[in-house]
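Only one structure is covered here, and it is reproduced in the block below.
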Amino acid sequence: MTSMIGVTSGMVQNPQTPPALFDRALLHARQQRAQAQGAVSFLLDRVGEDMSDRLAAVMREFHAPVDLWSPGEGLASLRAHLPSIERLALDAAGAEKLPFAPESLDLVVSALALQFVNDLPGVFAQIRRALKPDGLLLAAMIGGDSLSELRQAFAAAEAECEGGVSPRVAPFADLRDVGALLQRAGFALPVTDVDRVVVRYGNAFALMQDLRRMGAANVLIERRRTPSRRATLLRMAEIYAERFADADGRIRATFDIIWLSGWAPHASQQQPLKPGSAKASLAEAVRKAGKE
């Protein structure tokens, strides 16, 4: 079985008719299986701690918070500070329609879930409608160059052993994609940044086992449906070790965690200056600097 975590950058190109990239019912089943078998949660734990720190820096109280689709037990670390937080778990059908009334929430948080959304522009728009004025969205999703090593190793092994390449690891949305979607959905003061986490493993199969126990095995609709050839898997592990191993022989796996935040607009928020409202012109400043 191959593994992936991913959101394709193609999902942002046409928000009117987003392509169905992920089998979200299968995602739900695999997350449930991972939880039953003993989930690997080091990335979720890291995000939870960071989420707590980021919320602590926001000098306000939240009375109607929701944890959206975070896997496993969700963001349990937030419950001490947000005792009223409700959790919306992914349902068995993987539905992306949110059940919140307009302007009913003041905080939406989400950890390591949005990379599996088919209609990310639509979900952002729904969150924006559900937030009260000056409500906050704070989320972390896998993106950027995550698992690029695994993607390259699989592509090279399949090309060599099978004469073709099948979808194994979806390409990810980058910082620019996510920031643009926040603006398109009508969020004010959008901010994005990346936390790069490099994890080392004994071999590629140990990495793939962790991905399965994160509930992140391949759920691409266009995924290969037949078992991978043993020769291809062994060659993939060899290529991975050849290209991405440290001096001690352990391999590297990159996870880029994209952090994003945005506020529902409110009159109290800082506003950009209107065009032509500056009290001094740039041309005048340059002219004066040239005389000095």
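The values are calculated or read from the model by the stated rules, or taken from the named source; none is laboratory data. For clarity, every value in this text was computed on a predicted model and none was experimentally measured. Counting neighbours? That spans all protein chains shown, and the Cβs are built from the backbone with ideal geometry, glycine included. When the accessible area is computed, the model is the full protein with side chains, heavy atoms only, and any ligands, DNA or RNA have been set aside. Shrake-Rupley method; radii C 1.70, N 1.55, O 1.52, S 1.80 Å.
Using a 1.4 Å probe and counting only protein heavy atoms, arrange Arg46, Arg128 so the residue with the most accessible area comes first.
Numbers: Arg46 105, Arg128 65 Å².
So, going from the largest accessible area down, we get Arg46, Arg128.
Express in whole angstrom the spacing between the alpha-carbon centres of segment 56-131 and segment 160-209.
20
With every protein chain in place, what's the accessible area of Arg24 (1.4 Å probe, Å², nearest 10)?
Accessible area of Arg24: about 10 Å².
Using modelled amide H (1.01 Å from N, peptide plane; none on Pro or chain starts), what sits under 5 Å from the amide H of Val108, excluding residues fewer than 5 places away?
Val66, Leu136, Leu137, Leu138
What do you reckon, how do Ser77, Ser166 stack up by accessible area (1.4 Å probe), largest on top? Spell out each step's value before the answer.
On the way: Ser77 60, Ser166 25 Å².
Ranking Ser77, Ser166 by accessible area, largest first, yields Ser77, Ser166.
Which value, in debye to the nearest 20, gives the size of the charge dipole of the chain about its Cα centre, when Lys and Arg are +1 and Asp and Glu are -1 at the Cβ? It would help to have the intermediate numbers written out before the result.
Details: 34 positive and 33 negative charges, 82 e Å.
Using Cβ point charges on Lys, Arg, Asp and Glu, the chain gives about 400 debye.
Go through segment 149-159 residue by residue and turn each phi into a ³J(HN,Hα) via Karplus (6.51, -1.76, 1.60, θ = phi - 60°); whole Hz please, and just put x for glycine and proline.
For segment 149-159, the Karplus-derived couplings read 5, 5, 4, 5, 5, 5, 4, 5, 5, 5, 4 Hz, x marking Gly and Pro.
Which far-off residues, 5 or more places away or on another chain, put their amide H under 5 Å from the one on Arg250, with H placed in the peptide plane?
none
May I ask you to compute the full-extension gain from Gln269 to Ala56, defined as 0.36 nm times their residue separation minus their alpha-carbon distance, rounded to one decimal in nm? The partial results should precede the final answer.
Details: separation 213, 0.36 × 213 = 76.68 nm, distance 1.91 nm.
Between Gln269 and Ala56, full extension yields 74.8 nm more.
Compare Glu222, Glu160 by solvent-accessible area with a 1.4 Å probe and give them largest first, with all protein chains kept in place.
Details: Glu222 135, Glu160 115 Å².
Most to least solvent-accessible, the answer reads Glu222, Glu160.
Give me the percent of DSSP beta bridges within the chain that run antiparallel, rounded to the nearest 5. Intermediate values should be presented prior to the final figure.
Working: 23 of 35 bridges.
Expressed as a percentage, antiparallel bridges in the chain total about 65.
Mind checking which of Leu234, Gln183, Ala25 is farthest towards the positive end of the chain's charge dipole, using Cβ charges of +1 (Lys, Arg) and -1 (Asp, Glu) about the Cα centre?
Selected residue: Gln183.
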